[in-house]
Amino acid sequence: MAERIQLTAEQVYDRLLNVDKIKTVDGQIRFFLGNVDIIVRQKDVVGNIIQEWLEGWLKKNNVAFDTNPNTQMPPDIFLNPDDHTVDLLEVKAFNYTASPGFDIADFKAYAREILENPYMLHTKYIIFGYSMSDDGIVTIKEIWIKNVWEICRSMEGWPLNVQYKNKVIHKIRPAKWYGKQSRFPMFRSMEHYLSAIEETLFSYHDTHALSVGWRKKVVEAYKNFYGKTITIPRWEDLDEFYRPPVKSQK
């Protein structure tokens, strides 16, 4: 058996885009049960299928990887089986004719995970924007590789864009980072992203206690792991840029 090769997330992305020409091919999702064979035309299943397909692509190309048993937290894939703190890959997919509808992670659990595993912040996101025709043909319209802060923004009610229902924060939600930009820009850096998380923790009643000392703990955890001190600014110094006031109509 040939020795498995090791690729970074950037190299996986480059092969998909420039070697396999993923944007020029198409596919179908088929389901067999007994003697019945159908072509799946439900768009809402495509995202999960693409994530599984990428694992199949890695195997076919003899790329070394492990999957993360914790499916609720990034990353999906460890591209370095010998060191699960580097070469982290999260796979996302969404219907390109709509806005990105996937989740980043559970907000409260994610904030705690950062304290335990600060390297998770450097997970690379390979994101597929797909379309499905009426006859079930799936094509990849666009593919990106991003850091998490490059696909996240603020929102009207909270410093961080979240799913907020019935006065409960559930998930961190992505922004539309491509095409026409909304009023709220993407975060410019990891530190700005962390500032938004901290302020959201502080402002939300269920995580207010968790916010106490959270900034300091993140800085310490990051320094302990990387030997580098990061500076997380106060949200009050960033708020006006990331949540600009609505321009009045004249």
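Read-outs throughout are calculated quantities, based only on the coordinates presented, and are distinct from any laboratory measurement. Please read all numbers here as calculations on a predicted model, not as lab measurements. With ideal geometry, Cβ positions are generated from the backbone for all residues, glycine too; neighbour counts draw on all protein chains shown.
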Given +1 on the Cβ of Lys and Arg, -1 on the Cβ of Asp and Glu, and no further charges, what dipole in debye does the chain carry about its Cα centre, rounded to the nearest 20? 840
Quick one: among PRO233, PRO81, PRO69, which has the greatest mean-square fluctuation in a GNM of the chain with alpha-carbon springs under 10 angstrom? PRO69
Mean-square fluctuation maximum in Gaussian network of the chain, Cα pairs under 10 Å, restricted to THR200, THR123, THR231, hits THR231
Using only Cα atoms and rounding to the nearest 10 degrees, what angle (0 to 90) does helix 46-60 make with the longest principal axis of the chain? 70
Helix 190-203: angle to the longest alpha-carbon principal axis of the chain, degrees 0 to 90, nearest 10? 60
Whole-Å distance, taken between Cα centres, linking the range 59-128 and the range 174-250: 20
Expected output is a single nm value to one decimal: the length gained when fully extending between ALA109 and ILE5, i.e. 0.36 nm times separation in residues minus the C-alpha distance. What is it? 34.1 nm
At a Förster distance of 22 Å, what's the computed FRET efficiency of SER131 paired with VAL36, Cβ-Cβ distance as r, to 0.05? 0.25
Over the chain, what relative contact order in percent results from Cα pairs under 8 Å that are six or more residues apart? 16
I need the GluC sites (Glu not before Pro) found in the range 115-217, filtered to DSSP loop residues with at most 10 other beta carbons within 10 Å of theirs. GLU156
Once you treat every alpha carbon in the range 164-245 as an equal point and sum by Debye, what is log10 I(q)/I(0) at q = 0.17, 0.20 Å⁻¹? -0.83, -1.07
Modelled label-to-label distance, GLU116 and ASP26, 7 Å Cα→beta-carbon offset: nm? 4.5
Inter-site label distance for LYS141 and LYS228 at 7 Å from Cα along Cβ, in nm: 3.5
Nearest 10 degrees, 0 to 90: helix 214-226 Cα axis against the chain principal axis: 50
